[in-house]
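Below: the structure, in structure tokens.
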Amino acid sequence: MYKRLFPSIRNYTTSKSTVDPNEIEHFRHVADEWWNKNGRLRGLHTFNNVRIPFIQNRLIKIGVLRPHERITTSSQDFSILDVGCGGGILTEGLSRLGYNVTGLDPNSELIDVAKFHVKDENLPQLQYECSTIEEFGVTNSEKYNVVVSSETIEHVTEKEEFLKSSIQCLKPGGSLFITTINKTWLGRFSAIDLWENVFKCVPKGTHEYDKFIGLNDLIEMLSKEKCTTIFTSGLFYNPYLNKWYSTKNKYFSYALHAIKVC
Ligand SMILES: C[S@@+](CC[C@H](N)C(=O)[O-])C[C@H]1O[C@@H](n2cnc3c(N)ncnc32)[C@H](O)[C@@H]1O
């Protein structure tokens with residue numbers, strides 16, 4: 001009955017699934033607002049101003065991209081996987097810079113929103129897949145130069161499995177980028193009290209403190225999967241100005257760059 005009413009909810013209740021069906025149901029309710037830049041997801045839109053340069057600058061820093069490739073089309077064999085892409089705000093932003101990007105999300109309604117947003121455009125470098133990362137990883141092992149997962153791990157159950165499958169998709173030596181809210185009282189205060197309850201710039205009930213992950217715990221989980229963290233930065237979102245900042249303070253939110261050991 002439940003699945004008939006909510007067709008976007010598949011059977012994600014198997015023991016190793018990283019998907020919490022409540023999350024699928026929660027994001028269904030905001031699917032229609034995904035591309036409203038002044039709506040309740042406005043923070044994800046302005047986040048591109050900070051997270052895309054973060055990814056590009058780090059790839060330039062480690063010599064994977066040359067500075068002049070920052071904006072022009074990258075070579076055909078350079079590909080990015082965006083895990084938990086939602087309606088495609090980051091995925092599309094990256095593809096518009098010329099990169100080959102695949103956006104992956106288990107929520108079929110969000111994948112439909114992402115596809116619909118580019119339906120009249122010719123963007124052959126942009127693809128979307130509706131799947132869990134654990135299913136996708138099996139057939140896409142060591143395929144991507146870069147795996148990105150932004151504002152997603154805080155919605156995932158079985159975080160080790162999620163990281164393991166994401167890393168499985170990376171080529172040896174490839175880069176993993178993660179952004180998330182820190183599991184600190186400042187992380188909870190900003191994301192739940194300020195964003196959700198005071199400024200209402202995030203739908204109420206989006207975040208659960210227990211599902212947040214601390215920076216050191218994430219670094220440790222990654223090292224167990226043979227992924228070495230080489231850089232971290234703090235992130236701060238000012239909901240009043242709808243503006244993101246890279247900061248030294250990592251207690252609110254953070255961005256991480258790790259490399260899969262060869
Ligand atoms: C806050 S949205 C972020 C969307 C996108 N990454 C962005 O920043 O614009 C969180 C996304 O995580 C996805 N998600 C939840 N659990 C997931 C899982 N286990 N694996 C992959 N994605 C998941 C949701 O469907 C949703 O699209």
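The values are calculated or read from the model by the stated rules, or taken from the named source; none is laboratory data. Bear in mind the structure is a predicted one, so any value in this text is a computation, not a measurement. Here Cβ is always computed from backbone atoms with ideal geometry, including for glycine, and neighbour counts include all displayed protein chains.
What the table shows:
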| quantity | calculated |
| --- | --- |
| Count - residues of segment 136-151 that are within 11 Å of the ligand (Cβ to nearest atom) and aliphatic (A, V, I, L, M) | 1 |
| Selected residue [touching a residue at least 12 places away in the same chain (Cβ under 8 Å) and either surrounded by 24 or more Cβ atoms within 10 Å (Cβ to Cβ) or among the acidic types (D, E) (or both)] from G98, G93, G86 | G86 |
| Elements of type helices (runs of 4 or more DSSP H) contained in segment 156-260, each with 1 or more residues being free of Cβ contacts under 8 Å to residues at least 24 places away in the same chain and within 24 Å of T18 (Cβ to Cβ) | 215-224 |
| Yes/no for E161 being surrounded by fewer than 22 Cβ atoms within 10 Å (Cβ to Cβ), among the acidic types (D, E) and at pLDDT 95 or above | yes |
| Lone qualifier among D82, D112 - being in contact with a strand residue (DSSP E or B) (Cβ under 7 Å, 6 or more places away or on another chain), within 16 Å of the ligand (Cβ to nearest atom) and among the acidic types (D, E) | D82 |
| Segment 19-45, residues that are within 11 Å of the ligand (Cβ to nearest atom) and either over 20 Å from E109 (Cβ atoms) or free of Cβ contacts under 8 Å to residues at least 60 places away in the same chain (or both) | P21, N22, E25, G43, H45 |
| Lone qualifier among T184, T206 - being under 17 Å from the mean Cα position of the chain (by Cα) and within 27 Å of I167 (Cβ to Cβ) | T206 |
| Residue in segment 121-135 that is crowded, with 24+ Cβ neighbours inside 10 Å, farther than 17 Å from I80 by Cα and at pLDDT 95 or above present | no |
| The one condition in (1) under 19 Å from the mean Cα position of the chain (by Cα); (2) over 21 Å from G43 (Cβ atoms) that K226 fails to fulfil | (1) |
| Per-region count, segment 171-184, residues touching a Lys or Arg at 6+ places or on another chain (Cβ under 9 Å), more than 9 Å from the ligand (Cβ to nearest atom) and within 18 Å of D105 (Cβ to Cβ) | 2 |
| Among residues of segment 139-148, those that are in contact with a helix residue (DSSP H, G or I) (Cβ under 6 Å, 6 or more places away or on another chain) and in a strand (DSSP E or B), counted | 1 |
